[in-house]
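The values are calculated or read from the model by the stated rules, or taken from the named source; none is laboratory data. Predicted, not measured: the structure shown is a model, and the values here were computed from it. Positions of Cβ are generated from backbone atoms using ideal geometry, with glycine treated the same way; all protein chains shown enter the neighbour counts. Just so you know, the surface numbers come from the protein's heavy atoms only, side chains and all, with ligands and any DNA or RNA stripped out. Shrake-Rupley method; radii C 1.70, N 1.55, O 1.52, S 1.80 Å.
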Amino acid sequence: MYGDLGLKLVQHAKRTQSLSQLPPYQSDIVRSVTREVRDLDRDVTEMLEPFNGHFDPAEEPATACSLLVRHLCMRRDKRCLLAYHRVRVEMIEGMCWSGSDLLDQVQASQNKVAEEGARIGSAEGSGASSLSPEEEEYARQYEDLLAAYKGQWTDIDLTGSLEPPRDLFIDVRVLKDAGEIQTEYGAITLTKNSQFFVRQGDVERLIAQGFLQKLN
Amino acid sequence: MNNNNHSANGPLTPAEVAFLCEAQSITIIPRQRLDGLDLIGGYIPPFHPPQRTAIPLWLALLLKRQRRCNIVPPPWLSAPNIERILKIETENQNFFCPDLPYRWLETAELLLEACPDDLGGDDGELRVLLRGLREVRQGKVREGLGKLEATYLQMNNLGLLEITEVRGFAKGVVDGLRKIGASIEVELVLGWMMMMMIFR
Amino acid sequence: MDIDDLLQELDDNQVPSGTRDIADLTQSWIAERSAPEILPFQTALLERLMERIRQQIELVETQTGNLDPKTNFCLILIQTELERVKFLVRSYLRARIHKIDKHSIYILTTPSIRGRLSPPELSYLKSHLGLLNSHFLASFLRGFPEHWGISMVEEPDLDGAVFCKVVKDIEDNIARIPGTDAEFKLTKGDVYVVRYSAVREFILRGEVELI
Amino acid sequence: MSYYDIDAILTDAQKVPCTFEITIPGLGYLEGNSNTDIKQGTRVELPLWLAEMLGVSQRLGTEQNVVTLDLPPALAPRVQNALKANPCTVDLRSLASHYYSLGERILGLLEEDELVDILSETFKKRAAEIADHAHNPQGVISSGGEFLKGLDENERQLFKISHESAKAIRAFLSDRSNTKK
């Protein structure tokens with residue numbers, strides 16, 4: 001029945017909302033729904049043709065109803081298409097905001113899809129991106145738009161963390177001698193067992209490498 | 001509905017409530033001199049130990065960690081006072097005691113973490129009392145949520161962190177009830193009339 | 001919001017002007033996060049704060065490398081505060097962008113609401129809509145018949161429930177709930193969970209605050 | 001009304017039994033036969049987005065009815081009685097994924113005065129149960145798995161949000177006390 005394919009798209013969108021990565025674009029379903037709308041529109045035109053622009057629904061209630069149903073189907077299809085694309089667009093925008101490199105994502109999903117394609121021997125999978133070409137274009141343009149807006153607020157770092165800042169500076173103890181390191185406010189020499197109060201961001205790597213220990 | 005993590009939308013999170021709490025003013029006893037400091041939030045006058053001074057809590061917490069000051073606990077945060085309030089709360093099942101400040105729970109939590117030594121010695125007792133207080137009030141909140149209607153509900157004297165805990169649920173119930181009760185007939189008729197215009 | 005208590009206490013200590021700005025920004029941030037609709041952009045407030053932020057950043061930059069431990073410690077305090085203020089501004093702006101994205105057409109086509117946007121926000125909104133439109137056109141919409149009878153405009157749910165607190169004595173203090181015969185009194189200090197539409201006017205006048 | 005809202009669109013896909021009151025040319029595909037007419041008296045289940053517009057004249061009481069709508073099985077008297085008797089034991093999800101939204105829409109189409117009260121009471125009672133489960137740190141596992149499985153979409157969101165806020169508060173409180181040592 002008309003509208004069923006549109007519903008499929010929306011069910012895809014519903015699942016997409018709970019995923020952390022964008023699943024492949026459903027180009028086949030999108031194409032079918034689009035075709036459905038064109039077919040319906042052609043039907044409507046053909047049905048109205050004999051009336052030469054003088055159609056009176058009161059005189060022809062049955063035809064009017066038939067037309068109404070077709071209009072509703074088209075309207076429904078359009079809403080499903082828009083909602084499906086919109087959910088994906090929102091995820092793409094989310095990636096732009098979180099600074100994750102979209103092209104990397106595209107690449108990664110391409111590899112994954114290609115692998116799967118090779119494994120199950122499907123020709124369809126190879127080389128396909130989870131983004132449609134239009135979506136890739138959109139992502140590029142949105143990146144530009146975002147950069148322009150961000151540029152108005154350079155001192156704020158608009159794409160920075162949305163977690164409230166906590167423990168910007170921490171106490172650390174030096175576990176092994178590591179020589180001199182550069183920090184935002186000058187150089188410090190790391191001698192074993194000495195203690196410093198430093199910006200957490202500056203020393204995260206040294207903590208991970210075991211040179212420093214975070215104190216509380 | 002899906003809230004993409006890229007946006008700061010929706011009501012405040014507990015971490016943000018704690019952040020707000022840290023903007024409160026608190027009295028400290030400095031242990032070191034410090035020159036006056038021109039902050040965006042206002043000028044911090046020089047410290048002359050052991051002269052008390054009031055500064056934002058976030059600053060006090062930082063200085064405390066550096067052992068540069070002691071924090072003077074707010075008068076309400078003492079074992080005898082919490083015990084008194086706990087008694088009132090237990091005896092009056094239908095209201096929340098107005099003697100607690102708006103940010104009692106988060107303030108107590110931050111101070112217990114940062115300066116148990118400044119809280120009059122036996123912080124164990126205070127902890128137990130605070131936990132008791134929280135549980136009694138939680139029970140009442142739960143009860144109160146059963147009274148949610150599609151219109152409004154008064155929730156006086158609840159603390160901000162307590163509100164944060166139930167906010168999503170309360171909103172969901174009020175919105176849900178409203179939608180069940182709302183008539184969508186008008187919308188439907190309007191939609192129908194608009195639809196009929198396709199034949200004109 | 002106990003900003004008033006905070007201010008009271010700070011007033012007692014004769015703390016100067018900056019405090020009010022931070023308190024105002026904080027309240028604007030909370031309100032923006034809680035309200036279903038976008039609220040007026042705080043132009044003057046943001047201008048003053050951005051200027052102060054810039055000054056502090058400059059101070060940190062010029063003093064960096066100063067080896068005097070006392071200065072060094074002051075810089076740590078300044079930077080810590082700076083991060084707090086930057087977070088507030090960032091989260092405030094992002095909360096607005098979220099609503100601008102969600103209700104773009106509604107905002108654009110409702111003059112009284114459109115005026116609540118800053119010029120950069122408005123230009124972001126327009127460009128964003130343009131991009132979306134071309135994207136939908138390119139993806140499937142090209143050649144579609146026109147459709148009537150349904151509004152595609154996403155509007156804020158002004159009846160959505162919010163938590164709020166009465167912060168002033170109000171003269172005409174009866175809040176009515178649209179579409180029902182329910183009404184209630186707003187007394188200073190009261191906290192309610194209620195439909196936004198019932199308290200919207202009080203909120204815009206600053207008599208009731210979202211929490 | 002939210003045009004892009006996925007749950008609103010899914011709500012719209014839920015079905016209502018309809019009986020055609022007139023014969024309509026070329027609508028046979030609604031009952032699975034393409035290129036045929038749909039005959040007067042035919043009963044089909046149509047999604048809300050279609051049924052609503054075809055059935056609205058019934059509510060308006062004007063013009064000739066195209067279709068007559070019936071209560072969907074999910075809202076039939078039998079279910080209504082079960083909800084009145086014991087709201088928390090009914091598996092709403094198996095009846096309709098967007099149960100309350102379906103109810104709201106049906107209320108706009110049919111005179112079912114008692115239904116508003118039944119749905120409101122059901123929602124309130126079940127919400128209280130949801131809150132209890134959400135605050136239980138073991139949540140789903142320990143108890144009420146059956147009940148939680150039977151939540152409709154709106155209730156699921158309610159459970160999710162309550163569970164998450166309870167978790168966030170616990171994390172905040174214990175995180176702070178633990179770092180103390």
For A:Lys176, the lysines lying under 24 Å Cα to Cα, once residues fewer than eight places off in the same chain are dropped, come out as A:Lys192, A:Lys214
Per residue of A:81-93, other chain Cβ atoms within 10 Å number on average 6
Those GluC sites (Glu not before Pro) from region D:59-126 that are DSSP loop and have at most 10 other Cβ neighbours within 10 Å turn out to be D:Glu111
Rounded to the nearest 10, the angle in degrees between the Cα long axis of helix A:133-150 and the longest principal axis of the Cα atoms of chain A comes to 50 degrees
Here the relative contact order (percent) of chain C, from C-alpha pairs under 8 Å and at least 6 apart, is 23 percent
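Ranking request for peptides C:174-182, C:32-40: highest mean number of other beta-carbon atoms within 10 Å first, then the rest in descending order. Could the numbers behind the result be given before it?
Working: C:174-182: 14.1, C:32-40: 20.1.
Averaged packing, sorted descending, gives the order C:32-40, C:174-182.
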Rounded to the nearest 100 Å², the accessible area buried between D and A, both sides, probe 1.4 Å, is 2600 Å²
Taking protein heavy atoms only, a 1.4 Å probe, and rounding to whole percent, the accessible area of chain B owed to carbon and sulfur comes out at 53 percent
Given Cβ charges of +1 for Lys and Arg and -1 for Asp and Glu, the option among B:Gly124, B:Ile71, B:Ala15 whose Cα lies farthest towards the positive end of the dipole of region B:1-128 is B:Ile71
Here the FRET efficiency for D:Ser2 versus B:Val72, based on Cβ atoms and R0 = 60 Å and rounded to 0.05, is 0.70
Taking Cα atoms, the helix B:185-196 axis meets the longest principal axis of chain B at an angle in degrees (rounded to 10) of 50 degrees
Heavy-atom accessible area per residue of the protein assembly as shown, all protein chains kept, 1.4 Å probe, expressed in Å², is 45 Å²
Note on chain B: alpha-carbon gyration tensor, axes a ≥ b ≥ c; rule is a/c under 1.5 for rounded, else prolate if a/b larger than b/c, else oblate; result oblate
For region A:208-216, in residue order, the Karplus 3J(HN,Hα) values (coefficients 6.51, -1.76, 1.60; θ = phi - 60°; whole Hz; Gly and Pro = x) are 4, 7, x, 7, 10, 10, 7, 9, 10
For region B:74-79, in residue order, the Karplus 3J(HN,Hα) values (coefficients 6.51, -1.76, 1.60; θ = phi - 60°; whole Hz; Gly and Pro = x) are x, x, 6, 8, 10, 4
For the pair D and B, the solvent-accessible area buried on both sides (1.4 Å probe; DNA, RNA and ligands excluded), in Å² to the nearest hundred, is 3400 Å²
Expressed as a percent, the accessible surface of chain C that is carbon or sulfur, using a 1.4 Å probe and the full set of protein chains, is 51 percent
One finds, for D:Lys39 and D:Asp132 with R0 = 45 angstrom and r their Cβ-Cβ distance, a FRET efficiency to the nearest 0.05 of 0.30
Mean-square fluctuation maximum in Gaussian network of chain A, Cα pairs under 10 Å, restricted to A:Glu204, A:Glu136, A:Glu93, hits A:Glu204
In square angstrom to the nearest 100, the accessible surface buried at the B/C interface, both sides summed with a 1.4 Å probe, amounts to 4900 Å²
For peptide D:24-37, the mean count of other chain Cβ atoms within 10 Å per residue Cβ is 3
Taking R0 as 35 Å and r as the Cβ-Cβ distance between B:Glu125 and B:Ile29, the FRET efficiency 1/(1 + (r/R0)^6), rounded to the nearest 0.05, comes to 0.90
Once amide hydrogens are built 1.01 Å from N within the peptide plane, the residues lying 5 or more places from A:Leu212 or on another chain with amide H under 5 Å from its amide H are A:Leu175, A:Ile207
In region C:116-141, accessible area falls by at least 30 Å² from chain alone to full assembly (1.4 Å probe) for C:Pro120, C:Tyr124, C:His128, C:Leu131, C:Leu132, C:His135, C:Phe136, C:Ser139, C:Phe140
Around C:Pro156 (Cβ within 9 Å, Cβ-to-Cβ, excluding C:Pro156; K/R +1, D/E -1) the net charge comes to -2
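Given axes a ≥ b ≥ c from the Cα gyration tensor, I'd like to know whether region D:71-181 is rounded (a/c under 1.5), prolate (a/b larger than b/c) or oblate.
Prolate is the answer for region D:71-181, as a/c is 1.5 or above and a/b outweighs b/c.
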To the nearest 20 debye, the protein assembly as shown has a Cα-centred charge dipole, built from +1 on Lys and Arg Cβ and -1 on Asp and Glu Cβ, of 1820 debye
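Mind checking the mean number of beta-carbon atoms from other chains within 10 Å of the Cβ atoms in A:131-144?
3
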For chain D, the accessible surface attributable to carbon and sulfur atoms (probe 1.4 angstrom, ligands and nucleic acids excluded) amounts in percent to 50 percent
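By how many nm would the segment from C:Leu158 to C:Leu129 grow when fully extended, if each residue of separation counts as 0.36 nm and the alpha-carbon distance is taken off?
Contour length minus the Cα-Cα distance gives 8.2 nm.
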Computed over chain B, the relative contact order (Cα-Cα under 8 Å, seq sep at least six) in percent reads 19 percent
To the nearest 10 degrees, the tilt of helix B:104-114 (Cα long axis) against the first principal axis of the alpha carbons of chain B is 40 degrees
Everything considered on the Cα gyration tensor (a ≥ b ≥ c; rounded for a/c under 1.5, else prolate if a/b is larger than b/c, else oblate), region B:71-128 must be described as prolate
